[in-house]
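Some notes on the structure that comes next.
The values are calculated or read from the model by the stated rules, or taken from the named source; none is laboratory data. On a predicted model such as this, the values are computed, not experimentally measured, just so you know. Note that we place each Cβ from the backbone using ideal geometry, even for glycine, and neighbour counts take in every protein chain shown.
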Amino acid sequence: MTQVCKRWFWPGSLLNGIILAGLLLWAPPAGADELAAGRKAPDFTFTAPGGRTVKLSDYRGKPLVLHFWATWCGPCIRELPLIAALAAKSQDLTSLAVNCAETDREVSSFLRAGKLDLNVVMDRDGQISQLYNIYAIPQTFMIDAEGFIKSVRVGAYSQRELNRDISALLSVP
């Protein structure tokens, strides 16, 4: 199985674009439907800034946007400011941006350059991506306050689509 979150791409290359387009058109791998809407979001543990250990389930009680991305991904670069702005604007929503297999230096430099304020989870070894069957990025999971997946989006959101899905997530009782 191809792991998109493993860094075997050459940033900025034509080959990178062709490969990403092919992966988005390619059928999801066996088992990818296991994380369809209505299923419980798989729990995972990560180290938050400051060194404290956190579990995804610690965020229950508020709707959550779980977004998988990388600094070399063009659609991710266009989409991250939209997610950051919505998360900053809503106190009823939490977002976690799972970076796929990059270094702290690459990510912090990217966030600083883009003036992005995000809750970043570093998936250095690809374990979280594997748990969520990530086969292409960006990929976003809308998770309700009880920890159930409400929707899964493969590919970038437009502002209108993101607003629609966030509104639907926040209106879930």
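Side notes on the structure shown:
- Just so you know, in region 49-89 the residues that are in contact (Cβ under 8 Å) with a residue 24 or more places away in the chain, of a type in the set (A, V, I, L, M, F, W, C) and not in a helix (DSSP H, G or I) include one that is farthest from residue 150 (Cα to Cα), and it is 72.
- Among the residues making up region 145-173, those that are under 15 Å from the mean Cα position of the chain (by Cα) and either charged (D, E, K, R) or not in a loop (DSSP other than H, G, I, E, B) (or both) are 149, 150, 151, 152, 153, 154, 162, 165, 166.
- Only one entry in 105, 78, 112 is among the basic types (Lys, Arg) and within 20 Å of residue 126 (Cβ to Cβ), namely 105.
- Total residues in region 110-123, condition surrounded by 14 or more Cβ atoms within 10 Å (Cβ to Cβ) and touching a residue at least 12 places away in the same chain (Cβ under 8 Å): 9
- Within region 51-72, being farther than 23 Å from residue 90 by Cβ and surrounded by fewer than 18 Cβ atoms within 10 Å (Cβ to Cβ) holds for 51, 52, 53.
- Scan of region 121-134 for residues that are part of a helix (DSSP H, G or I) and closer than 18 Å to residue 76 by Cα, ordered by number: 128, 129
- Evaluation of residue 118 against (1) in a loop (DSSP other than H, G, I, E, B); (2) under 21 Å from residue 55 (Cβ atoms); (3) modelled with pLDDT of 95 or more (one fails), failing number: (3)
- Condition check for residue 137: touching a residue at least 60 places away in the same chain (Cβ under 8 Å) and not in a helix (DSSP H, G or I): yes
- Single residue of region 73-99 satisfying the filter (more than 14 Å from the chain's Cα centre (by Cα) and buried (at least 17 other Cβ atoms within 10 Å of the Cβ)) that is modelled with the highest pLDDT: 93
- Cβ pairs under 6 Å, 6+ apart, first in region 153-173 and without any contact (Cβ under 8 Å) to a residue 40 or more places away in the chain and more than 16 Å from residue 79 (Cβ to Cβ), second small (Gly, Ala, Ser) and in a strand (DSSP E or B): none
- Filter result for the condition that a residue is surrounded by fewer than 13 Cβ atoms within 10 Å (Cβ to Cβ) and either within 22 Å of residue 41 (Cα to Cα) or of a type outside the set (A, V, I, L, M, F, W, C) (or both), over 106, 161, 102, 146: 146
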